[in-house]
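Every read-out reported here was derived from the displayed coordinates using simple, explicitly stated rules and does not represent laboratory data. What you see is a predicted model; the values in this text were computed from it and never measured. Neighbour counts run over all protein chains shown; Cβ positions are idealised from the backbone, glycine included.
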């Protein structure tokens with residue numbers, strides 16, 4: 001029983017940050033397409049503020065994060081005259 005609890009706790013400790021960071025992409029996808037509002041003072045701004053602050057302060061965090069978020073951006077709209 002105790003080993004099971006330790007194993008479950010270890011899995012949670014490993015998966016929680018992965019799920020937290022991984023969810024940022026779908027949130028960007030939904031926000032950019034108008035399904036949710038994720039601007040300043042939203043719950044998403046509050047939830048991901050530590051990540052955005054780390055990305056601003058540390059380029060080693062910011063570069064991969066910007067790349068990951070760019071995967072979820074909508075394609076550019078062609079500019080026809």
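Looking only at residues in the stretch 22-38 that are assigned to a helix (DSSP H, G or I) and loosely packed, with under 15 Cβ neighbours inside 10 Å, the one that is nearest to the chain's Cα centre (by Cα) is 22.
Quick check: is even one residue across the stretch 39-62 assigned to a loop (DSSP other than H, G, I, E, B), more than 11 Å from the chain's Cα centre (by Cα) and either surrounded by 10 or more Cβ atoms within 10 Å (Cβ to Cβ) or touching a residue at least 24 places away in the same chain (Cβ under 8 Å) (or both)? Checked against the condition, which is being assigned to a loop (DSSP other than H, G, I, E, B), more than 11 Å from the chain's Cα centre (by Cα) and either surrounded by 10 or more Cβ atoms within 10 Å (Cβ to Cβ) or touching a residue at least 24 places away in the same chain (Cβ under 8 Å) (or both), the stretch 39-62 yields at least one hit.
Mind listing just one residue for me: the one in the stretch 66-81 that is under 15 Å from the mean Cα position of the chain (by Cα) and touching a residue at least 40 places away in the same chain (Cβ under 8 Å) and, of those, surrounded by the fewest Cβ atoms within 10 Å (Cβ to Cβ)? This residue is 71.
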